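Notes follow the structure.
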Amino acid sequence: MTSIKRRILNKIEKYDTIIISRHTRPDGDAVGSTLGLYGILKETYPDKRIFLDNEDYSEYVSFLGGEGEHPTDEDYKNALVMVLDVGTERRISNKRYDKGAYLIKIDHHIIEVDYGDISWVEEERSSVCEMIADFYLTFRNRLKMPLHSAECLYTGMVTDSGRFRFRGTSGETMRIAGELIDMGIDLEMIYANLGSEDFELVKFRASLTSKIRITEHGVAYLHISSAMRKRHKMSQEEASNSISLMEHIKGSLIWLAFIENDDGTVRVRLRSRFVEVQELATRFHGGGHACASGATVYSKEEEEALVSQADKLLYEYKKENPGLI
Ligand code: AMP
């Protein structure tokens, strides 16, 4: 991997303008990795023009800060574009991502159709933030890491690994996290921001608990209508986070949240332990990781089909692997 990282560093050093993008509906890893890399490049190369360019925003990790000035079409002409944490091109939160002179992808999703002039993908990594921190550590004699970047990267590592619990978490993850902690990041501030919820949200989540359903073989699922969300004055993002309500139900090794979008389509969030759901997500216009994927359904029938296929998957899995909780 060092040779691909070296090729990326060479490109970074070659271009005077660098534009960084991430996936739509950003999470902690998408925001943390892009802001983290942005800070590293700004600090290391004060004479280069570095931009973040994305079309949406996340309230959840807004404490990490905003994106600043966006590049013009002219800026793209001789730019290096770096896309972080996006498995498939259709999910890039930037319609101009292919207007630069050179494109680099850095990602940890399972590859469906690859893209980019350089593609550095490590599917087993817990987060792209871990990859960016590793990139910095590989070239720490050439790159500078401001404290804020370290905090952004740590935040993404924490959120994407489920607080260092999910499958991708390795000894290397913990060593890299340790390096960031040793830089003096404010852990209390990060966890306070990640852990606090408005009282209205707490009440909304409580009201959703009674709406969780369980299929015959244990798939837990929840449908959140736009009407319900609006009644409680919740954003799409806040409603979507209710996927976590189902993660500790015994026997429910797969859990699904269906969140209605304003355009009538339904966002699906798929989560699991032990059993892999990524392939199921690809059957419904989605993808992602083995145990954390996303998809979209366009009708009630499609939603029912997804639940039923998840139930079948879990049935087969439990038959082969009895005794899992
Ligand atoms: P989410 O439930 O949106 O947090 O998604 C879980 C994981 O799957 C994330 O890593 C997403 O980047 C990825 N993902 C979500 N939706 C899609 C999709 N429609 N196609 C491919 N990957 C997705």
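The values are calculated or read from the model by the stated rules, or taken from the named source; none is laboratory data. Source: prediction; values computed, not measured. All Cβ positions, even for glycine, are placed from backbone atoms using ideal geometry, and neighbour counts span all protein chains on display. Ligands, DNA and RNA are excluded from the accessible area calculation, which covers all protein heavy atoms including side chains. Shrake-Rupley method; radii C 1.70, N 1.55, O 1.52, S 1.80 Å.
All but one of (1) in contact (Cβ under 8 Å) with a residue 40 or more places away in the chain; (2) among the polar types (S, T, N, Q); (3) within 22 Å of Gly323 (Cα to Cα) hold for Ser272; which doesn't?
If we test Ser272 against (1) in contact (Cβ under 8 Å) with a residue 40 or more places away in the chain; (2) among the polar types (S, T, N, Q); (3) within 22 Å of Gly323 (Cα to Cα), just (1) comes out false.
For residues in the stretch 242-265 being within 12 Å of the ligand (Cβ to nearest atom) and buried (at least 18 other Cβ atoms within 10 Å of the Cβ), which is modelled with the lowest pLDDT?
Checking each candidate, the answer is Ser242.
Please go through (1) closer than 30 Å to Ser33 by Cα; (2) over 22 Å from the mean Cα position of the chain (by Cα) for Ser225 and return the number of the only condition it doesn't satisfy.
(1)
Of all residues in the stretch 213-234, how many are surrounded by fewer than 14 Cβ atoms within 10 Å (Cβ to Cβ) and either aromatic (Phe, Trp, Tyr) or in contact with a helix residue (DSSP H, G or I) (Cβ under 8 Å, 6 or more places away or on another chain) (or both)?
Summing the residues that are surrounded by fewer than 14 Cβ atoms within 10 Å (Cβ to Cβ) and either aromatic (Phe, Trp, Tyr) or in contact with a helix residue (DSSP H, G or I) (Cβ under 8 Å, 6 or more places away or on another chain) (or both) in the stretch 213-234 gives 2.
Give the residues of the stretch 16-44 that are touching an Asp or Glu at 6+ places or on another chain (Cβ under 9 Å), of a type outside the set (Val, Ile, Thr) and open to solvent by 30 Å² or more (accessible area, probe 1.4 Å), sorted by residue number.
Asp16, Arg25, Asp27, Tyr38, listed by residue number.
In the set Glu172, Glu200, Glu237, which member is charged (D, E, K, R), assigned to a helix (DSSP H, G or I), farther than 23 Å from Pro26 by Cα and touching a residue at least 24 places away in the same chain (Cβ under 8 Å)?
Exactly one residue qualifies, and that residue is Glu172.
Tell me, please, whether a residue that is in contact with a helix residue (DSSP H, G or I) (Cβ under 9 Å, 6 or more places away or on another chain) and over 23 Å from Leu137 (Cα atoms) can be found in the stretch 26-36.
yes
Here is a yes/no grid of residues against (1) in a loop (DSSP other than H, G, I, E, B); (2) away from the ligand (no atom under 16 Å from the Cβ); (3) touching a helix residue (DSSP H, G or I) at 6+ places or on another chain (Cβ under 6 Å):
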{"residue": "Cys129", "(1), (2), (3)": "no, no, yes"}
{"residue": "Asn141", "(1), (2), (3)": "yes, yes, no"}
{"residue": "Leu153", "(1), (2), (3)": "no, yes, yes"}
{"residue": "Met189", "(1), (2), (3)": "no, yes, no"}
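Looking for whichever is open to solvent by less than 40 Å² (accessible area, probe 1.4 Å), of a type in the set (Val, Ile, Thr) and out of contact with any Ser or Thr (no Cβ under 6 Å at 6 or more places or on another chain) here; the options are Val128, Val83, Val113, Val61. Which one fits?
Val61
Keeping to the stretch 299-314, report how many residues are more than 12 Å from Val275 (Cα to Cα) and either under 25 Å from the mean Cα position of the chain (by Cα) or acidic (Asp, Glu) (or both).
The qualifying residues number 7.
Out of Leu41, Leu52, Leu64, which single residue is without any contact (Cβ under 8 Å) to a residue 40 or more places away in the chain and closer than 14 Å to Leu153 by Cβ?
Exactly one residue qualifies, and that residue is Leu41.
Could you count how many residues in the stretch 178-197 are in contact (Cβ under 8 Å) with a residue 24 or more places away in the chain and of a type in the set (Gly, Ala, Ser)?
1
Give Leu143, Leu147 a once-over and let me know the one that is closer than 17 Å to Leu41 by Cβ and open to solvent by 20 Å² or more (accessible area, probe 1.4 Å). Before the answer, list the steps.
Working: Leu143 fails: open to solvent by 20 Å² or more (accessible area, probe 1.4 Å).
Exactly one residue qualifies, and that residue is Leu147.
Tally time: how many residues in the stretch 67-77 are touching a residue at least 40 places away in the same chain (Cβ under 8 Å) and either out of contact with any strand residue (DSSP E or B) (no Cβ under 6 Å at 6 or more places or on another chain) or small (Gly, Ala, Ser) (or both)? Spell out how you get there, then give the answer.
Going residue by residue through the stretch 67-77, those that are touching a residue at least 40 places away in the same chain (Cβ under 8 Å) are 71, 75-76.
Still in the running and either out of contact with any strand residue (DSSP E or B) (no Cβ under 6 Å at 6 or more places or on another chain) or small (Gly, Ala, Ser) (or both): 76.
Summing the residues that are touching a residue at least 40 places away in the same chain (Cβ under 8 Å) and either out of contact with any strand residue (DSSP E or B) (no Cβ under 6 Å at 6 or more places or on another chain) or small (Gly, Ala, Ser) (or both) in the stretch 67-77 gives 1.
Which of the residues belonging to the stretch 285-295 are near the ligand (Cβ under 8 Å from one of its atoms) and in a loop (DSSP other than H, G, I, E, B)?
His285, Gly286, His289
Quick one: which of Tyr102, Tyr115, Tyr60 is within 16 Å of the ligand (Cβ to nearest atom) and at pLDDT 95 or above?
So the residue among Tyr102, Tyr115, Tyr60 that is within 16 Å of the ligand (Cβ to nearest atom) and at pLDDT 95 or above is Tyr115.
Thr282: closer than 29 Å to Thr24 by Cα, within 16 Å of the ligand (Cβ to nearest atom) and open to solvent by 40 Å² or more (accessible area, probe 1.4 Å), yes or no?
Against the criterion (closer than 29 Å to Thr24 by Cα, within 16 Å of the ligand (Cβ to nearest atom) and open to solvent by 40 Å² or more (accessible area, probe 1.4 Å)), Thr282 qualifies.
Given the conditions (1) exposed (fewer than 15 other Cβ atoms within 10 Å of the Cβ); (2) free of Cβ contacts under 8 Å to residues at least 40 places away in the same chain; (3) not acidic (Asp, Glu), report the number of the one that Val121 does not fulfil.
Result: Val121 passes all but (1).
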